[in-house]
Amino acid sequence: MNRWAWLQKKKKQTKNGHQQVKTHGTDVFFSSSLDSNLEQLQNILGNNPDIAIRRFYINVYKVNAAVVFIKGLADKEQIHEQILKSIMLELQMRECYVKEDRATGSDIKEIIKDHVITLTDVEENNKIEDCVMEVLNGDTALLIDNVDTSLLLGTKKWPSRQIEEPITEATVRGAREGFVENILVNMSLIRKRIRDPHLVLDKYTIGRRSQTPVMVAYIKDITNDSIIQEVKKRLEKIDIDQIPESGIIEQFIEDDFLSPFPQLLTTERPDKVASGLLEGRVAILVDGTPFVLLLPVTITSMLQGPEDYYERWFVGTLIRFMRFGAAIVSLFGPSLYVALVSYHPGLIPTDLVISIAGSREGVPFPTIVEALLMEITIEILREAGVRLPKPIGQTVGIVGGLVIGEAAVTAGLVSPMMVIVVAVTAISSFSLPQYGAAIAIRILRFGMMLSAAVLGLFGIIMFAMAITIHLVKLKSFGVDYTSPFVPYQFNDWKDAILRLPYSVIKERPEMLKPKDSTRIK
Amino acid sequence: MRRIKKSIMTCCCISILFMGGCWDRIDIEDMGLACGVGVDYQESSAKRLTPEFTIQFVVPKVLAGENGGGGSQAEPFQNLTMDESSLFEAGREASTVTSRSPNYAHLKVLVISKEAAQSINLLQLLNFFFRDHEIRRTVHVLISEEKASEILSIKGTKDPVPALKLLSITENMEKKTAKMPPILSLGDFSEKMSASSSFLVQKVQKFKEGVQIIGAAVIKGNTQKMIGELNEDETFGINCITGEAKAGAVTGVDKETDKIISYEIDRLKSSIKSKVNGEDISYTVNINTEGRLSEDWIPKSDAFNEKFIRNAEKQVEREFMRLMEAGLAKTQKELKVDVAGFGESLRINQPKVWKKVKKNWEERFPEASIDINVKVKIRQFQTQGRKMNK
Amino acid sequence: MNSSNEKITFIQATVVLTMTIIGVGIVTLPRVSAEEVQTPDIWISMILGGGISIVVAFFITKLCLQFKGMTIYQFSPILVGKWAGFVFNLFIIMYFILVAGYQARSMAEVLRAYLLDKTPIEVVIIVYIAVGVYIVISGIYSIVKLLQIYFPVVLVFILLMLALSITNVDFNNLRPVLGGGFIPVLKGIKPTTLSLAGIESYLILMAYMHQSKKAMKAAAVGIFIALFLYILIVIAVIGALTVDEVRLLTWPTLELVKSIEMKVLLLERFESFFIILWVITTFTSFIMNFHFASLGLSQVFKKAYKPFVYGLIPFVYLCAMYPEDINGVFKLGGYIGNMAIVVAGIIPILLLIIAFIRRKRNAKN
């Protein structure tokens, strides 16, 4: 828990700074004068071109009024139809609602709120600061002369991308919907899948300046309270100016920042989040990013893809086996090659020894240098391919993979065997469904190679042991990272490396200690 | 912050530890892959008997580049002959000649020449082989009629490396023939030696252009030297008694027509039963074998007829008896060694008697009477029963 | 860091005991026992030895049940007085340090003999201890979880090794049963029982157990699993190599493994798997003993646990480096065996008798 103490200390230092920044409008209330109110707002919001203040006159009551909104964030259509038109035109026509000429300000406010405005979200607010916040969120503030509160009208219409197929987690079978950058849409995507009143979405606003909306989603009567409490506690500790992406939150709330393993799952798929929630996990949605965080995570989640569950059970099981094998190959592949070739040639079959020795004849580098060279090249290639536009990316892949590989072999810089090992390793690491997990394995692979280069097989064993020790010590929000394998939770093994038929997996994962564990009755 | 510092410190410490690292690293292409070793006897004026070692290395470059090559073919192997008193010394001496010092992890075959096996104590000679951690217990041991260095330089047409070729011939024992004793690995060698019992070793000799593994050399447990050899028939007989003859052909002669009948062993089981009567030890060997009729030269043979089959079985049985008696006569009476596991049977079934006779077993063994019963069962005669219709 | 609600469960206790017992014995046991017994009846001695271990386990659990939630370091001063208890505890701690060093050194010796010829043994041991410290520092619950990971690995590898060597095993080598009578079997009881040393870990472990009443059952199951694996190994080694040959070999089990050749596998040779198995089995025993030693010091001196872990590193290292050669290592193994008799046998029984007398006296008063 040291690292949290450290985090707290840091927070204390920034707290003071925070207070200073916030000076504008601490608990400043609206006055009853429209002009002064507008002046206040103008002061806070500045003279920016995207801020619209539209003054108008309510003829029936003979008062001045104004709406304040941000162009682009608020829906102009709605402001026009439901607010301005209603107040300025329809109010006059509806004789029945007109009271005496000398109606008080609060009467006017009530009438407008209850009878005139045809929007769903209408809220009263008397603090200037809150009003500003909501306006910045896309709401429209309606200010009326002689009224010392503002009406906040829900006209949010944030610019949003169309819902598209998730790019990073494409599946052959499964929903084609992916999250978008708009948290409101994302919320709806989840709600659409879990029509359960127990689904709770707790709202947080994180980021002193960005004021990013963050939602913590969980199902009240499934998810274990201690996990929820832990998440909230950690979220509340975050004090940063801006949250550009959920990754920032991930880094603030993860258990161990020195671990290469991802301690939160990121996903673009609403179906994955929904089933995660129903397993008893907590999801964190952040505005501005399609990546939703799912926690707690255990080692099994690193090898699971949504398709495992959509396909029939043995397909799912076999694919998982394959992934498990791929993970092992991609972790141990090159290091085993290095250890065997340069330390223990006695352990390789004789025919293979002869062909490896023959192919290595004339290669100027020791095996480890050769392996590192190739691995680093592959990493660079991968990086280059990711950043480039798609068509060019493919070209780079082909040029890099085929041409350089072929040329290096013919030039005698590397042995063909090494190319095979590196290629198999790279392909294996692509087959892992979790990007974070694949990265962790890639990092560890280099450590493994170096230890194999120094101590051979013993180095590999010791490094692998150090990894298992690290995993054993690691926890994700109070859940052992190694569960359900260790401590043994035999019930969960049905859905760990295996994926047994649904008729067998009747319970939610025991490791998450759900309040309600029956999944199938 | 403390954790970061701590982990950086640990990383530094560990990397300092490894600065001078890679002690054992030797890349695969930089070592000489020894695949065969030959031991020869060398006449010398020195007091000690000096063996002469031949180490055979594979040249992977030639082997791996075979299909691409063409042009002047280099030999895919290299033989180095060193006259040193031990293999260990020879290996080190080899490092003065070749750039690649020998690595024995892939040693497959050990060939000892007859001369050497007869005159040098094998337990002492082979000590390095038993002790070195690189050499595996599965190395096959052969005794050669000619000089081992000669045998190791005869190239096969299909297997370009002599040692690897020898290796695959030795493995035929299990599937194709019983004219050689079972494969004797270095491990078995050591086991037999440690129990000081006698045993058979496959014997290799020149055959026209190539080599042939046939017959057996007999090593006596007490003296740890080779004392004699068995020809192919005697070897076959001993293999039947031990039950090792799992495959192979026996050719009997039909008494009436004096034509041959060939029988192929599919299954063979033997049991040695010991009987102790006071001081007398006697044995009954029961052999049951099943197989097929693979050839006969009898003009009017009729395999559809039960009688013919029974007769054929009898003829084959006779041949079996002949082979085994020949084997026993040679080993029990002439060489006076127990290579067929008679002592073993006594050890297991009559441990108390064994304890008494253990010390001078091979002196007692020639006196033991041995009865042999053979039962041949022809299970099938394959696709043709008759040669012609009557 | 340990939340106090964590407790060791029945399964975990079993696993810990099995993994503590299985250690250096997998390679040395066949030779040591063959040297004593000289007939193939070692497996009978093993069964007898297992029986003795279970009796010892019974005494130890009985003793610990008197002091729930306390380790021997905490209750021995209560039972026999401050100073005597201190001496007892120091002796036990010494024992654990020596065992840890012995495990590390044996591991390194085998590694030197088969894998890393020229790598200085110091480096191997330092790396080994460093990784050990990484886990020992985080306390018993993490260690237990680690052992739970390794348990199936060890189980699978041992069984795989035995399955692959089955073709080499000639059951005639195991016959005749009791050919030399019962005396050789009795001779073998001491080494075989000592190979099952590790039960003394219950003196400490029981304090952390969830249901300490089930401890006896866990001990019996743990001993049984270890015994079963050991017997299988002994049978395979003797069956494949003969008793006479086993007596000649430094590491008989490894020689057995070396004679396995699988043509079908990519790794035709099995040593690599065995070396993994070997490092893991010694490592588990090593960390348990290391942990017990440092826990003992922290409880005896009533100070924090972590500094003692770091403080013990040089001592464990020195113990590991103390034997000059391989014979020295075997000799150290012999001494440790004799110490084990005291730690697992004499001390618990003595304490149990004292506890018994005290209770009688209290009842009278």
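Only the coordinates and a few stated rules stand behind these numbers; no lab work does. As the structure is a computational prediction, the values presented were derived from the model and not from experiment. Glycine gets a Cβ as well: all are built from the backbone with ideal geometry, and neighbour counts include every protein chain shown.
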Given the protein assembly as shown, what percent of its DSSP beta bridges are antiparallel, to the nearest 5? 80
Enter the mean number of other protein chain beta carbons within 10 Å of the beta carbon of each residue in B:191-201, as an integer. 3
Only Cα pairs under 8 Å and at least 6 apart count here; give the relative contact order of the stretch A:183-297 as a rounded whole percent. 32
Above 27 Å lies some portion of the pair distances; for the stretch A:20-153, what is it as a whole percent of all C-alpha pairs? 15
Over 23 Å between C-alpha atoms is what I'm after, so list which of B:K155/B:K192; B:K114/B:K358; A:K156/A:K192; A:K494/C:K214 land there. B:K155/B:K192; B:K114/B:K358; A:K494/C:K214
For a quick protection proxy, order the peptides B:232-243, A:225-236 by their average other-Cβ count within 10 Å, most packed first. B:232-243, A:225-236
For the stretch A:200-310, treating each Cα as an identical point scatterer without solvent, what Debye log10 I(q)/I(0) comes out at q = 0.15, 0.21 1/Å? -0.61, -1.22
State the number of lysine pairs found in the stretch A:20-153 whose Cα atoms come within less than 16 Å, restricting to pairs 8 or more positions apart or on distinct chains. 7
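Add -39500 (n - 2.57) for each DSSP H run of 4 or more in the protein assembly as shown, then divide by its residues: what number comes out at 222 nm, to the nearest 500 deg cm²/dmol? It would help to have the intermediate numbers written out before the result.
Numbers: 47 runs with 613 residues, N = 1276.
One gets -15000 deg cm²/dmol as the mean residue ellipticity at 222 nm.
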Across the residues of A:447-454, average count of Cβ atoms on other protein chains within 10 Å? 3
Compute log10 of I(q)/I(0) for the stretch C:266-365 with the Debye formula, placing one identical point scatterer on every Cα and leaving out solvent, at q = 0.16 Å⁻¹, to two decimals. -0.98
Can you pull the one-decimal nm distance between simple spin-label points at C:F182 and B:K307, each 7 Å off the Cα toward Cβ? 6.4
Putting +1 on Lys and Arg Cβ atoms and -1 on Asp and Glu Cβ atoms, find which of B:T331, B:P351, B:G341 reaches farthest to the positive end of the dipole of the stretch B:323-363. B:P351
Assuming 0.36 nm per residue, please report the length gained on full extension of the stretch B:E232 to B:S153 beyond their Cα-Cα distance. 26.0 nm
Each label sits 7 Å from Cα toward the beta-carbon; between B:E75 and B:I8 the label points are separated, in nm, by 6.1
How many angstrom separate the Cα center of the stretch A:404-443 from the Cα center of the stretch B:145-211? 43
Whole-Å distance, taken between Cα centres, linking the stretch B:245-308 and the stretch A:154-185: 82
Partner chain Cβ atoms within 10 Å, averaged over the residues of C:174-186 - can you pull that number for me? 2
From zero outward in steps of 10 Å, how is the percent of C-alpha pairs of the stretch A:391-474 spread across the bins? 15, 33, 35, 14, 3
A:K513: which aspartates and glutamates have alpha carbons under 17 Å from its alpha carbon, excluding same-chain residues fewer than 8 sequence positions away? A:D221, A:D225, A:E230, A:E279, A:D480, A:D492, A:D495, C:E6
Counting only other residues whose beta carbon sits under 12 Å from that of C:A13, what net charge do I get with K and R as +1, D and E as -1? +4
Only bridges whose two residues both fall in chain B count here: according to DSSP, what percent of them are antiparallel, nearest 5? 65
Please report, in debye to the nearest 20, how large the charge dipole of the protein assembly as shown is about its Cα centre when each Lys and Arg carries +1 at its beta carbon and each Asp and Glu carries -1 there. 4000
Which of the peptides C:254-260, A:211-217, C:177-183, C:306-312 is most tightly packed, and how do the rest follow, judged by the mean count of other Cβ atoms within 10 Å per residue? C:254-260, A:211-217, C:306-312, C:177-183
All aspartates and glutamates inside 13 Å of C:K306 as judged from Cα atoms, apart from same-chain residues fewer than 8 positions distant: none
Please give the length that would be gained between B:D30 and B:V353 if that part of the chain were fully extended, namely 0.36 nm times their separation in residues minus their C-alpha to C-alpha distance (nm, one decimal). 110.7 nm
Grab the beta carbon distance between B:N277 and B:K333, set R0 = 25 Å, and tell me the FRET efficiency rounded to 0.05. 0.75
Over chain C, what is the relative contact order in whole percent, taking alpha-carbon pairs under 8 Å and six or more residues apart? 40
For the stretch C:10-357, fraction of C-alpha pairs farther apart than 29 Å, in %: 37
What are the extents of the Cα atoms of chain B along their three principal axes, in Å, largest first? 94, 65, 60
Compute and list, largest first, the equivalent-ellipsoid semi-axes of the stretch A:309-480 from the alpha carbon gyration tensor, each √(5λ) rounded to a whole angstrom. 28, 23, 16
Given the options C:I346, C:I199, C:I97, which has the most mean-square fluctuation in a GNM of chain C, springs set between C-alpha atoms less than 10 angstrom apart? C:I346
Measure of size requested: the Rg and Dmax of chain A, with Cα atoms as the atom set and Å as the unit; please supply both. 29.9, 105
Excluding residues fewer than 8 places away in the same chain, name every one of the lysines whose C-alpha is closer than 21 Å to that of C:K118. C:K258
1/(1 + (r/R0)^6) with r = Cβ-Cβ of A:I392 and A:R208, R0 = 51 Å, i.e. FRET efficiency to nearest 0.05, evaluates to 0.80
Given a cut-off of 21 Å, name the pairs among B:K61/B:K203; B:K175/B:K307; B:K220/B:K269; C:K7/C:K360; B:K61/B:K108; B:K275/B:K352 whose C-alpha atoms lie farther apart than that in the structure shown. B:K61/B:K203; B:K175/B:K307; B:K220/B:K269; C:K7/C:K360
In the Gaussian network model of chain B, springs joining C-alpha atoms below 10 Å, which of B:A340, B:A329, B:A117 carries the largest mean-square fluctuation? B:A329
I want the local charge near C:I235. Using Cβ-Cβ distances under 13 Å, sum +1 for each Lys or Arg and -1 for each Asp or Glu among the other residues. -1
Place the peptides A:502-509, A:381-388 in order of packing, highest mean first, counting for every residue the other Cβ atoms within 10 Å and averaging per peptide. A:502-509, A:381-388
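Working from the alpha-carbon coordinates of the protein assembly as shown, get Rg over Rh, Rh being the Kirkwood radius. Kindly include the intermediate steps, with their values, before the conclusion.
Numbers: Rg = 40.8 Å, Rh = 37.1 Å.
Here the Rg-to-Rh quotient is 1.10.
How long are the semi-axes of the ellipsoid equivalent to the stretch B:232-390, from square roots of 5 times the Cα gyration tensor eigenvalues, in whole Å, largest first?
Largest first, the stretch B:232-390 gives 37, 14, 12 Å.
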Calculated FRET value between A:F446 and B:E171, using beta carbons and R₀ = 45 Å, to 0.05: 0.60
Taking the Cα centroid of the stretch C:96-170 and of the stretch B:331-380, what is the distance between the two, rounded to the nearest whole Å? 45
